[in-house]
Amino acid sequence: MSLLLNILTLCLDSTLSLCSPVSGDTLLYNWNTGAQTACINLTGTTVGEATYICEARTKTFLTTDNLMANGDFENYSNYHQQPTGYTSDYEYLPFDPYGSDLYDDPQYQGKSGVYLLSNNAKHTWRDYANVGPHSGNFFAMFDAAQSGYAWKACTPENPGLQIMEGGLYVFSYWAADLNEAFQRNHPAELQFSIRYKMPDGTMKKEFLGEVLKLGKDNQWHYSHTFWTSPVTSDSIEIGVEDLNTFYGAGNDFGLDDIIFQMVTLEGSREVSKDTFVVTTEDCTPCQDFVYRKWNDVLFIDNTGEQFVSYQWYADSVAIIGATRQFYQLTDTVTPHFYHAEVVRTDGRVRTSCALLFDQFKPSAARPTATSNQIVIHQGHLYIKTEDAIYDILGNKHNSLSR
């Protein structure tokens, strides 16, 4: 059994994939985030450390009874009446699966967008292949060329169709293409989904597995997926839509043995349990936003007002009290490396590049003055010359009354 501790670093605004070291179709995955895939993707949005744990277990499990009332389509006593346990957005044809062939009845000639129950596809239409049921009867769909659910089961018709928060469920079904090969130009593309009522009364929809595009072999194909319920709800809808809405020429299919069961992992075995410690850092390189002014002043360009606080450093040591947009040098003789850290309005920290004092770029041509004419007024820095007063950005002022 694998027990790994992975120490990883993630930069802000970048992505990182975390994957279980074991893989295979025979395994179930459970992350402490609620994900149930072998890998998860992370995006760095906040500086800090987070722990992610992935448990991989074998798919040896116990299941409850099928929560579908008529998912095997065997509950069929009167073909003149629409079967119970499910509904459809298509029209039902009262075809007797044990009677005469459907295509022999003139009223059904050319019918499209309908469904029925059958025990042999060839009996329902002469252009169908000789497809028998996976078991008993099966659901047969003619030309699903419109939007909507071809088949749908809801809680009112299925009193047992309920879900529990945190419950693990397995959904499975069998599907087959029914048309003969030379007519199968547009095979069905089946997408099952589940809708459930949220605590606020709204309905949320999720897909159950991937799209199944039927092939050209007239054989039954099995599909299954595991799904974890995020809520407890007694209002559920499970249905299938044909994403290929092409009219005619092969868009026909059969369904059988649709199963929705709750799963318990009592018989499963833990294969691995792995911990990932991810530290998100601001990997942005230093930025050039500090300028030199009036020989002995360093200041931060904040014309866009993106910075909300400041801290100046000399030789990587924070200068006590140097928390303004500007810093007036107290030692212009001894060379020091200066830089500043600023906090943006979004809370992220940015660092200027550390440079010797003489290496800082001058901000603009400066008026002739000496350092003893520098004035701080209401937290702002000004220089007073013989004819005017200038702010740190070079703007001219007649007085400091503002």
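Derivation of every value follows stated rules applied to the coordinates shown; laboratory data play no part. Just so it is clear, the model here is predicted, and its values are computed rather than measured. Virtual Cβ from ideal backbone geometry, glycine too; neighbours counted across all protein chains shown.
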By average C-beta atoms within 10 angstrom, highest first, the peptides 254-263, 23-32: 254-263, 23-32
Would you work out which of Q82, L62, W312 lies farthest towards the positive end of the dipole of the chain, given +1 charges on the beta-carbon of Lys and Arg and -1 on that of Asp and Glu, about the Cα centre? W312
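Which value, in debye to the nearest 20, gives the size of the charge dipole of the stretch 91-264 about its Cα centre, when Lys and Arg are +1 and Asp and Glu are -1 at the Cβ? Please report the intermediate quantities before stating the final value.
On the way: 11 positive and 23 negative charges, 54 e Å.
So the magnitude is around 260 debye.
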Express the relative contact order of the chain as a whole percentage, based on alpha carbon pairs under 8 Å and six or more residues apart in sequence. 18 percent
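What's the Kirkwood radius of the stretch 248-317 in Å, using all Cα pairs?
This gives a value of 21.2 Å.
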In units of 2.2 N^0.38 Å, the Cα radius of gyration of the stretch 159-316 is 1.92
GNM, the chain, Cα, under 10 Å: largest mean-square fluctuation among F276, F73, F337? F337
Can you check how the C-alpha radius of gyration of the stretch 180-264 compares to 2.2 N^0.38 Å, as a plain ratio? 1.31
Based on the alpha-carbon gyration tensor of the chain, what equivalent-ellipsoid semi-axes (square roots of 5 times the eigenvalues) come out, in whole Å, largest first? 73, 25, 18
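Please report the relative contact order for the stretch 191-275, taking Cα pairs under 8 Å with a sequence separation of at least 6, and give it as a percent rounded to a whole number. Can you show the working numbers first?
On the way: 66 pairs, mean separation 26.1, N = 85.
In percent, rounded to a whole number, it is 31.
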